[in-house]
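Asker: Okay, handing you the structure first.
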Amino acid sequence: MRIGALRETAGGEARVAMTPASAGDIRKLGHVCLIEAGAGEASGFSDEMYRAAGVEVVTDAAALAQASDVVVKVRPPEPDEVALLREGQTLVSFFYPSSSPELLEAARATGATVIAMDMVPRISRAQKMDALSSMANIAGYRAVIEAGANFGRFFTGQVTAAGKVPPAQVLVVGAGVAGLAAIGTAVSLGAVVHAFDVRPEVAEQIESMGASFVFLEFEATQDGAATGGYAAPSSPEFREKQLAKFRELAPQMDIVITTALIPGRPAPVLWTRDMVVAMKPGSVIVDLAAERGGNCELTVPDEKFVTPNGVTIVGYTDFPSRMAAQASTLYSTNIRHMLTDLTPAKDGLIVHDMEDDVIRGATVVHGGAITWPPPPPKVK
Ligand code: NAD
């Protein structure tokens, strides 16, 4: 089959869904690889590098879609990209079906199949295709780098001839994939790291990474710990306890990185205005939940600003794109693994097996029908 990667058109998006290296692996599955001219430029992959890897460089999006059986990209397609799809073709990209019913319907009407990388079930077998995790890992790392770039001090404590420097105090709220990456990065830079999550089972992971778990005195089994390893909304009582703890910590923290999310809901507001006001001048908040409204009450999505009391609040929503070479390398590998599963005989033929939990789970449009939401996966 012919696998073609589109150039991303969203403003500022620097990632690409196919790298010269991933194309080499896709070709080993018996496929032919194509790329839209300039698609890899912003992540450091020139057309020449693709040609050297045996990839055909195609002039524009329409020609690319026309020539491809499977179209791969990063961001959900724009309406004009959906219009390029046709019956029998497959699109593989992020899609976020729950927040884009119109896009879903437009894709269905084309007769194409859509595999949403954000819908890959989070079961062990599918970890190699888990693009949400690979991007969250980058976002967590980059959040710390961003915090450091805006913090006028060291992370690590030092005793120098010119004086003693205390280590930075970092609080990470939410210890999912992004939060754990942030913890690891901040610890490796020498900060003293504290972390909180509503899921008590992550306490051990937090501590094994060299951070301390922020314990809350709470009677019932921890609220919000909820189902299947995912968080659920907290009760008002639990939330009050949590906010009281954060109020106590706010004046002591130099850097706060918030990553708390509940699947399918707006981000919970956990770092309120008064906590920002209580922080020291020069402190930094990086809000990784900005895209879903923000965990910090003052976050402005896609912006960085300094409050009147000197706290920098970073609400960027494009952290993976800010590390485009790394993000493209990992995302294109997730895509390549998806194509591997779609090419069971490694003979260049795509088999769309709707009995396969992973393929079924990620397929949101197929055979002229909307196939989202999927039934629950049969295996763990
Ligand atoms: P996420 O990005 O959806 O959420 C981030 C974190 O925020 C979660 O840890 C959540 O518990 C926490 N949170 C929610 N409300 C909070 C609050 N009020 N205060 C503090 N923290 C709060 O998380 P994620 O990285 O997608 O991971 C979520 C779950 O998925 C975890 O159980 C993780 O182990 C699991 N997971 C499994 C796989 C796999 O098996 N392949 C891959 C990735 C993640």
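Asker: Longest span of the chain, sites excluded, free of GluC sites (Glu not before Pro) in DSSP loop with at most 12 other C-beta atoms within 10 Å?
Answerer: The reported range is 88-216.
Asker: Now a separate question. Assuming 1.567 mPa s and 4 °C, estimate D for the chain with Stokes-Einstein, Rh taken as the Kirkwood radius over Cα pairs, in µm²/s.
Answerer: Estimated diffusion coefficient is 59 µm²/s.
Asker: Rank these for me by crowding, 352, 366, going from fewest to most other beta carbons within 10 Å.
Answerer: Lowest to highest Cβ neighbour count: 352, 366.
Asker: I need to check one value: relative contact order of the stretch 1-75, counting alpha carbon pairs closer than 8 Å and at least 6 residues apart, in percent.
Answerer: 46
Asker: Additional query: If we restrict to alpha carbons, what Rg and Dmax does the stretch 225-325 come to, in Å?
Answerer: Spelled out, the Cα radius of gyration and Dmax of the stretch 225-325 are 14.0, 44 Å.
Asker: Percent relative contact order of the stretch 132-225, based on C-alpha pairs within less than 8 angstrom and at least six residues apart?
Answerer: Here the relative contact order equals 25 percent.
Asker: Could I get the Rg over Rh figure for the stretch 6-124? Both from C-alpha atoms, Rh via Kirkwood, rounded to two places.
Answerer: 0.96
Asker: Can you give the charge dipole size of the chain about its Cα centre, rounded to the nearest 20 debye, using +1 on the beta carbon of Lys and Arg and -1 on the beta carbon of Asp and Glu?
Answerer: The calculation lands at about 640 debye.
Asker: Moving on. Do you know the relative contact order of the chain, to the nearest whole percent, from alpha carbon pairs under 8 angstrom that are 6+ apart?
Answerer: 19
Asker: What value in Å³ per residue do you get for the convex hull of the alpha-carbon atoms in the stretch 139-207?
Answerer: Roughly 75 Å³ of hull volume per residue.
Asker: Neighbouring Cβ atoms within 10 Å as the yardstick, rank 378, 241 fewest first.
Answerer: 378, 241
Asker: Turning to a different aspect of this structure: Hey, with R₀ at 22 Å, roughly what FRET efficiency would residue 243 and residue 303 work out to, going by the Cβ-Cβ distance, to 0.05?
Answerer: 0.35
Asker: Does anyone have the angle between helix 177-188 and the longest principal axis of the chain? Alpha-carbon axes, 0 to 90°, nearest 10?
Answerer: Once rounded, one gets 50 degrees.
Asker: While we're here: Which of 128, 164, 28 moves the most in a Gaussian network model of the chain with Cα springs under 10 Å?
Answerer: 164
Asker: Okay, next question. Considering only 290, 147, 109, give the residue with the highest GNM mean-square fluctuation for the chain, with springs between Cα atoms whenever their separation is below 10 Å.
Answerer: 109
Asker: Using +1 at the C-beta of Lys and Arg and -1 at the C-beta of Asp and Glu, which of 192, 367, 232 has the Cα lying farthest in the positive direction of the dipole of the chain?
Answerer: Looking along the dipole axis, the top candidate is 192.
Asker: Sticking with this structure for a sec: Calculate the FRET efficiency for residue 352 and residue 188 from the Cβ-Cβ distance with a Förster distance of 35 Å, rounded to the nearest 0.05.
Answerer: After rounding to 0.05, the efficiency reads 0.25.
Asker: Roughly what angle does helix 236-249 make with the longest principal axis of the chain, taking Cα atoms, 0 to 90 degrees, to the nearest 10?
Answerer: 60
Taken together, the values in this text are just the output of simple stated rules run on the coordinates, not laboratory data. Note that the structure is predicted; figures quoted are calculated from it, not measured. Cβ atoms come from the backbone with ideal geometry, glycine included; neighbour counts cover every protein chain shown.
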